[in-house]
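Chemist: Below is one structure. I have some questions about it.
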Amino acid sequence: MTKKAVQQEDYFHWTLEQYHQLAEANILREEDRIELLNGQIVNISPIGKLHAAAVRRIDKLLEKILGDEFLISTQNPISLAINDTEPQPDLVVLKPRTDFYATQHPGPEDILLLIEVADSTLEKDRSMKMPLYAQAGIVACWLVNLSEQKVEIYTEPSAKGYANIRIYREGDSIESDLLGMVKVDRVLGI
């Protein structure tokens with residue numbers, strides 16, 4: 001590695017370059033369930049049955065609404081280019097590219113909608129990931145809260161977080177510029 005990891009408090013701060021070098025050296029493997037958040041290599045929680053079903057259901061819903069017009073990425077890395085962060089959100093709707101992002105991970109400018117599905121990861125997603133997505137300028141994020149059966153919609157990103165957060169529950173409809181009207185019940189599988 002070209003730079004040393006810098007010890008801060010109780011953890012090492014890994015740069016994006018170092019993180020990729022660990023992968024290239026086979027120290028980190030594709031099957032490792034990890035992501036880089038704020039320079040920390042963080043374990044991704046095991047995917048439970050309800051979480052997996054929700055991701056599949058939302059993926060199918062997005063495909064039905066969007067067709068082949070956009071790319072839907074499921075549990076793949078995105079590059080935020082801030083704070084040494086490369087998360088793996090559950091679902092991302094991307095601008096189409098003929099190379100399917102073979103030369104680089106999608107960045108904020110490529111992301112039209114990002115969706116995190118949360119059950120056991122709710123607090124991490126809400127308090128750690130959503131602020132990072134806002135700082136990066138991702139225009140629209142959904143947090144599908146399985147435990148409370150609601151969908152939190154985050155818009156108007158800034159360096160301080162999302163200025164607009166709306167909560168949708170059973171029976172509500174989400175109005176989206178990208179998706180049109182979407183019933184919360186279809187997202188939650190109610």
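Coordinate-derived values only; no laboratory data. Since the model is a prediction, treat every value here as computed from it, not as a measurement. Here the Cβ positions follow ideal geometry from the backbone for every residue, glycine too, while neighbour counts run over all protein chains shown.
Chemist: At 222 nm, what value in deg cm²/dmol follows for the chain if DSSP H runs of at least 4 each add -39500 (n - 2.57) and the sum is divided by all its residues, to the nearest 500?
Modeler: My calculation for the chain gives -6000 deg cm²/dmol from helical runs alone.
Chemist: What FRET efficiency comes out for the pair T15/E123, r = Cβ-Cβ distance, R0 = 22 Å, nearest 0.05?
Modeler: The pair T15/E123 has a calculated efficiency of 0.25.
Chemist: Still on this model: Taking 22 Å as the cut-off for C-alpha to C-alpha distance, list the pairs among K95/K150; K60/K160; K60/K95; K60/K183; K49/K150; K49/K95 that go past it.
Modeler: Over 22 Å Cα-Cα: K95/K150; K60/K160; K49/K95.
Chemist: Got the relative contact order for the range 45-188 handy, in percent, Cα pairs under 8 Å and 6 or more residues apart?
Modeler: The value is 18 percent.
Chemist: Is the shape of the chain rounded, prolate or oblate, going by the alpha carbon gyration tensor and its root eigenvalues a ≥ b ≥ c, with a/c under 1.5 for rounded and a/b larger than b/c for prolate?
Modeler: The shape class here is prolate.
Chemist: Sticking with this structure for a sec: Taking only Cα atoms and a 10 Å spring cutoff, compute GNM fluctuations for the chain and point out the largest among A159, A118, A102.
Modeler: Highest fluctuation among the options: A102.
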